[in-house]
Amino acid sequence: GENVEQHPSTLSVQEGDSAVIKCTYSDSASNYFPWYKQELGKRPQLIIDIRSNVGEKKDQRIAVTLNKTAKHFSLHITETQPEDSAVYFCAAISGGTASKLTFGTGTRLQVTL
Amino acid sequence: DAGITQSPRHKVTETGTPVTLRCHQTENHRYMYWYRQDPGHGLRLIHYSYGVKDTDKGEVSDGYSVSRSKTEDFLLTLESATSSQTSVYFCAISRDSWQFYTFGSGTRLTVV
């Protein structure tokens, strides 16, 4: 099955700096890559996603890049703000009639003032 | 709201007792999933359903069973709870298997 590795496990940045979280996946058939943000005590919520036919996608301060050849994808957050502090999860889904999301182990991002 | 609710939100139970967690959706989505979340492990799939009475195992299914008798409800049962099943359990739904998931608010289960 799919295996997703995520780095780093913790990341501390100063407000206004950029943050980058990287993930690799194992199944070359994977075709959908969402990113979730989870604030303390809350549910994971989708913040951005990308499909395998696209190399990059941007939504305001958040962007995701995908390198299919290398089987890795990254989340980029620019101009970080304190409210960006949370745990971020990457995930990958393979094709098929009953595909499932496999998640990375999460990155705890702390934005300091 | 997200159209998905989990109950109970918190539960403390004793080792060896059966426990059932409920996930209810109002989105009429075909796919439903149960994940558990533990520190250092992220979210791991327990079981999932791709239709009424159609279910399959995930990567950490031992000790768990599920049932889906109608579209809106997906039940997760711990037949005989163990301390290793202390965790936060999240239900998720999706319209299609290749689309994003929406998560419920979670159930914090403590087995003592």
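Just so it is clear, none of the values below were taken in a lab; they were calculated from the coordinates. Treat the numbers as computed from the prediction; the structure is a model and nothing was measured. Every residue, glycine as well, gets a Cβ built from its backbone with ideal geometry; the counts of neighbours run over all protein chains shown.
Numerical summary
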| item | result |
| --- | --- |
| Any hit, region B:30-45, residues being away from chain A (no Cβ under 11 Å), assigned to a loop (DSSP other than H, G, I, E, B), exposed (fewer than 15 other Cβ atoms within 10 Å of the Cβ) and out of contact with any Leu (no Cβ under 8 Å at 6 or more places or on another chain) | no |
| Subset of region B:83-112 that is of a type in the set (D, E, K, R) and either farther than 16 Å from B:ILE46 by Cβ or surrounded by 21 or more Cβ atoms within 10 Å (Cβ to Cβ) (or both) - its residue that is farthest from the other protein chains (Cβ to nearest Cβ) | B:ARG95 |
| Segments classed as strands (runs of 3 or more DSSP E), wholly inside chain A, with at least 1 members that are farther than 30 Å from B:SER49 by Cβ and in contact with a helix residue (DSSP H, G or I) (Cβ under 7 Å, 6 or more places away or on another chain) | A:72-77, A:107-112 |
| Number of the condition not met by B:SER69 [criteria: (1) within 19 Å of B:ARG9 (Cα to Cα); (2) more than 14 Å from chain A (Cβ to nearest Cβ); (3) surrounded by fewer than 18 Cβ atoms within 10 Å (Cβ to Cβ)] | (1) |
| Members of region B:11-22 that are out of contact with any Ser or Thr (no Cβ under 7 Å at 6 or more places or on another chain) and either among the hydroxyl-bearing types (Ser, Thr, Tyr) or within 12 Å of chain A (Cβ to nearest Cβ) (or both) | B:THR13, B:THR17 |
